[in-house]
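All remarks here apply to the structure that follows.
Just so you know, all these numbers are worked out from the coordinates, no wet-lab data involved. Remember, it's a predicted structure, so these values are computed and weren't measured experimentally. Quick reminder, even Gly has a Cβ in these numbers, built from the backbone with ideal geometry, and neighbours come from all protein chains shown.
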Amino acid sequence: MILATVTGHVEATQKSDELRGSNLLLVTALGDDLKAISDRTYVAVDSVGSGIGDNVLVERFYRSRDDLYKPMTIVAIVEKIHQKL
């Protein structure tokens, strides 16, 4: 899993059948210091209703059924992060 923050929306006029009806968001991975890593930005399918500015957990390969998976899927909205320094 990747801890990331949602930084934008992605609009696609044509999608594969598996992604039809899905919301695509731009996410940027967070480092150990909880700051965005500028060269680690991805497009992820939103499965939890997250929005810009939310910290989220992203799964690289999310399997919703045995025959269907979606790469880079947002699976949770993170409410709090407790970090021991």
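Points worth noting:
- Residue identified as within 19 Å of E79 (Cβ to Cβ) and among the acidic types (D, E) among D46, D32: D46
- Of the residues making up the stretch 12-50, those that are surrounded by fewer than 10 Cβ atoms within 10 Å (Cβ to Cβ) and acidic (D, E) number 4.
- If the condition is being part of a loop (DSSP other than H, G, I, E, B), touching an Asp or Glu at 6+ places or on another chain (Cβ under 8 Å) and under 23 Å from Q83 (Cβ atoms), then the stretch 1-51 contributes only M1.
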